[in-house]
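Report on the structure given below.
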Amino acid sequence: MNQLKAPTSYVSASVIGIGAGLAVYAAQTMGILPNLATFIPATSPLDLKTLDDSIIAACLVVFALALSLTLNRFGFRRCWRWMLVSIVTVCGTGTVGFLVLNVDLLPIPLLLSGGLSLLFAQINRLWSLDRQLARALFHSSAGTNDAIGANTRLLSGLKLLNTVLPLSEAVVFRYDEIDSLQPVARFKGAARNAQDPRRNSVWREGIDLCQRAAASRQLVSQTTPGQNSSTVAVPLLHESETAGVLLIRLTSEFSADDAPLLAAVGSQFARNLERESFSQNQAGSQSLSYFSQAGSKKKIDALNVLKAVTVEQRCEASTLTHIDDGVAIAYLDGTLALVNKTLLGFAGLAPERVSTMDVFDLLHKFRTDVFDEPTIAVRRVLQTGDEYQGELNFEKKSQILNLRISLLRDRQPASINEPIGIALHVKDVTATKEYEKLKSDMISLMSHELRTPLTSINGFAELLTADETIPPQAREFVSIIANESQRMSRMINTFLSVTQLQRKDKQEVLKIPLRLDEVVRETITSLQPVAKKKRIRLVEQPAHRIPPVAADKSLITQAVKNLVNNAIKYSPERTTVTVSTALEAEAVRVSVEDRGFGIPAESKERVWDKFYRVVREGQEKDEESTGLGLSFVREVVEQHGGQVDLDSEEGRGSKFSFTLPRL
Ligand code: ADP
């Protein structure tokens, strides 16, 4: 990663340069440095002319400063040639000055100050890089490590082991800095040998067993002769390194069949030990970690934690391979990270083909009329972050697949939800679609087939009611038949319209600009006679500047009618029903409020369901009631992109309302 140099790095490089120059100047004035004449014996050193003190100091400081700043700016690899040239120049001019001009041009102090300045500047650069490395490592490992404490995970692992093996004791050991085994977690099963006088020697034997296991990197077991118990030491290996040893004592003989289980559980223990070691290591100041052994150990621990997390994430990803839906994950360069077996089946691909494909090649396999440009779908997902969803109908294969393409985001708090990949989810909906179609075909078929005989029943019953020759009691029965058959056909009609609405897509409803306050006014006028019959005051609350909505006029009018009708029907005489229209942010709300019977809390959710009726005393025989009115309202409102609402208190009244998006 190429980072812009921080200004502080120039400050420290300058301090190093000036310091090196002044230090060498001090050594020169104290006469500690060797004289040129020591190396080149020519004329007498007494004749040698020297420069003025201030010039010497300035030369040394400038030279050291120039070298340290150059190194800081360009790094050693890019500027070593220039440094070589400057050293050769210093040596050359020094020799010429000495031999020809008989002047000491300070080659030795210059070389020394330059060398010192380069050495310290390089150490400073490495130190600063190390600080960055430590910060990045500790930050990433701490971020992955916080959720559950390392020690808790070790103990939970031991408990899990106890469910599959008859443990009397289990101890997890970790290697400390001086390579001796330290217990970090312990689990006690049936503590039979707590008072055992041989306890110390048993402990020592256990440690020996652990050391053998660690040295051989193999599981070692020992059965206690005469007693029905055994001791097993399992090396805890993580990425070919031994992090510690697990010592378990069993209340039965150890069976070799359990070795693979222990090896698998052991690697998880090893990963948790890395976590434990990282959280335990209290390395001192981060800035001095470059010079400290504990600091370096902590960096290794942090790296091991990261490796452990990588392994665990592989485990998370592998669960996707076992699910019944097709799943694929791609990185943001299009490379496929994972394609599960089900998706390969949907795409008709052999597993080995995947390594040569990218996400577009894979999506290409799902091209249909509605999904003919996979690149456009992916681009839209990347641009907007919104999910793409499409129903792909493969007629030749008689298969309907639901495809979802979504953006995966990094959930780490520090990453501000940054996108990190693309997920494809393919679900086979053939059976569900077939079932839904069958169901709705059946419903509409039945309803149509029922309507014809019902019309005849109703027609003839009405004819008979007018027949004077029929005895009065029989005529009463006939009129019941006429009423009931009428009710039934009303019910079928409403049911049919709700089902039809449900089968329609939102786009299919014919929408025109509509003023809801006008719809309300018309409905009130048409229902005034019904309200008057019950001596109910039906009023409109005047509204100001209501914007139009896009809606199907007859559907919305019927919905408002249903609500007002209900308010009249479920209110006692001499009460008021108020209908209002109001503007709410981006929607227009129509509310119908009554002072009627209200709706019990447990029925509030269900009143919108088909055929649901609130049971109240005296209302069971209500001929008008079908339980379909409100489900029709909800269906219509949702088809228009709106929402229904209910606020009601039993015995006090109800407020039914719905919103539709404003134009
Ligand atoms: P119904 O044909 O039975 O009126 P709805 O779907 O319109 O069918 O209503 C479902 C149930 O909700 C009704 O049985 C009724 O008890 C209750 N309900 C509807 N509106 C009101 C209201 N304004 N006040 C009290 N109860 C109501």
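The values are calculated or read from the model by the stated rules, or taken from the named source; none is laboratory data. Since the model is a prediction, treat every value here as computed from it, not as a measurement. Positions of Cβ are backbone-derived with ideal geometry, glycine not excepted, and every protein chain shown enters the neighbour counts. These accessible areas exclude ligands, DNA and RNA; they are computed on the full protein's heavy atoms, side chains included. Shrake-Rupley method; radii C 1.70, N 1.55, O 1.52, S 1.80 Å.
Placing +1 on each Lys and Arg Cβ and -1 on each Asp and Glu Cβ, with no other charges, gives the chain a dipole about its Cα centre of roughly 800 debye.
Think of the chain as having a plus end and a minus end, set by charges on the Cβ of Lys, Arg, Asp and Glu; of N304, V90, P109, P109 sits farthest toward the positive end of this dipole.
For segment 468-479, the Karplus equation 6.51 cos²θ - 1.76 cosθ + 1.60, evaluated at θ = phi - 60°, returns couplings of 6, 6, 7, x, x, 5, 4, 5, 5, 4, 5, 5 Hz by residue, with Gly and Pro reported as x. Between A6 and Q389, the C-beta separation translates, for a Förster distance of 41 Å, into a calculated FRET efficiency of about 0.30. Considering only DSSP beta bridges whose two residues both sit in the chain, what percent are antiparallel, to the nearest 5? So the antiparallel bridges in the chain amount to around 95 percent. Its relative contact order, with pairs defined as Cα atoms under 8 Å and 6+ residues apart, puts the chain at 6 percent.
Counting only protein heavy atoms and a 1.4 Å probe, segment 483-560 has 60 square angstrom of accessible area per residue. In this structure R380 has an accessible area near 130 Å², from a 1.4 Å probe over the protein heavy atoms. Modelled label positions at S14 and K604, each set 7 Å beyond Cα in the direction of Cβ, lie 7.0 nm from each other. Taking amide hydrogens as placed 1.01 Å from N in the peptide plane, the amide H of I536 sits under 5 Å from those of R574, each at least 5 positions away in sequence or on another chain. Relative to the longest principal axis of the Cα atoms of the chain, the long axis of helix 199-216 lies at roughly 80 degrees.
Only one residue of V539, V560, F611 has its Cα farthest out toward the positive end of the dipole of segment 530-618, where Lys and Arg carry +1 and Asp and Glu -1 on Cβ, and that residue is V539. The string of couplings for segment 540-557 from the Karplus curve (6.51, -1.76, 1.60, θ = phi - 60°) is 9, 8, x, 10, 10, 6, 8, x, x, 10, 9, 7, 8, 4, 5, 5, 5, 4 Hz, one whole number per residue in order, with x for Gly and Pro. From most to least packed by mean Cβ count within 10 Å, the peptides 590-602, 341-353 give 590-602, 341-353. If each Cα of segment 387-537 is one equal point scatterer, what is log10 of I(q)/I(0) from the Debye formula at q = 0.11, 0.13, 0.14, 0.15 Å⁻¹? So the normalised log intensities work out to -0.84, -0.97, -1.02, -1.06.
The value for the chain of Rg(Cα) / (2.2 N^0.38 Å) is 1.68. Annotation: amide H-H contacts under 5 Å for G421 (H modelled 1.01 Å from N, sequence separation of 5 or more, or interchain): L408. For the residue pairs K439/K655; K427/K604; K159/K299; K561/K604; K511/K569; K188/K341, alpha carbon separations beyond 32 Å are given by K439/K655; K427/K604; K188/K341. Considering only S571, A150, P419, and ranking their Cα positions along the charge dipole of the chain that arises from unit charges at the beta-carbon of Lys, Arg, Asp and Glu, the one farthest toward the positive end is A150. Heavy-atom accessible area, probed at 1.4 angstrom with all protein chains present, ranks S479, S447 as S479, S447, highest first. Length available on full extension from L84 to K533: 0.36 nm per residue minus the Cα-Cα distance, which gives 150.6 nm.
Which percent of the accessible area of segment 425-579 is formed by carbon and sulfur heavy atoms (probe 1.4 angstrom)? Result for segment 425-579: 58 percent of the exposed heavy-atom area is carbon or sulfur.
For a straight C-alpha distance cut-off of 28 angstrom, the lysines reachable from K298 (same-chain residues fewer than eight places away being disregarded) are K5, K307. Between the amide H of A551 and those of I512, L514, distances stay under 5 Å, these residues lying 5 or more places away or on another chain, with hydrogens modeled in the peptide plane. Rg of the Cα atoms in segment 539-588, relative to 2.2 N^0.38 Å, amounts to 1.33. Counting only protein heavy atoms and a 1.4 Å probe, segment 335-459 has 63 square angstrom of accessible area per residue.
Surface composition of segment 197-355: carbon and sulfur make up 53 percent of the accessible area, probe 1.4 Å.
At the listed q of 0.13, 0.31 Å⁻¹, the Debye profile of segment 301-353, built from one uniform point per Cα, gives log10 I(q)/I(0) equal to -0.41, -1.15.
Computed from Cα atoms, the angle from the helix 7-29 axis to the main principal axis of the chain rounds to 10 degrees. Against the main long axis of the alpha-carbon atoms of the chain, helix 516-533 sits at an angle near 40°.
Estimated from helices alone, the mean residue ellipticity of the chain at 222 nm is -17000 deg cm²/dmol (sum of -39500 (n - 2.57) over DSSP H runs with n ≥ 4, per residue). A Förster distance of 51 Å, applied to the separation of the beta-carbon atoms of E638 and T242, puts the FRET efficiency at 0.25. In sequence order, segment 123-138 has phi-based couplings of 4, 5, 5, 4, 4, 5, 4, 5, 4, 5, 4, 4, 4, 4, 5, 5 Hz under the Karplus curve 6.51 cos²θ - 1.76 cosθ + 1.60, θ = phi - 60°, and Gly or Pro positions carry x.
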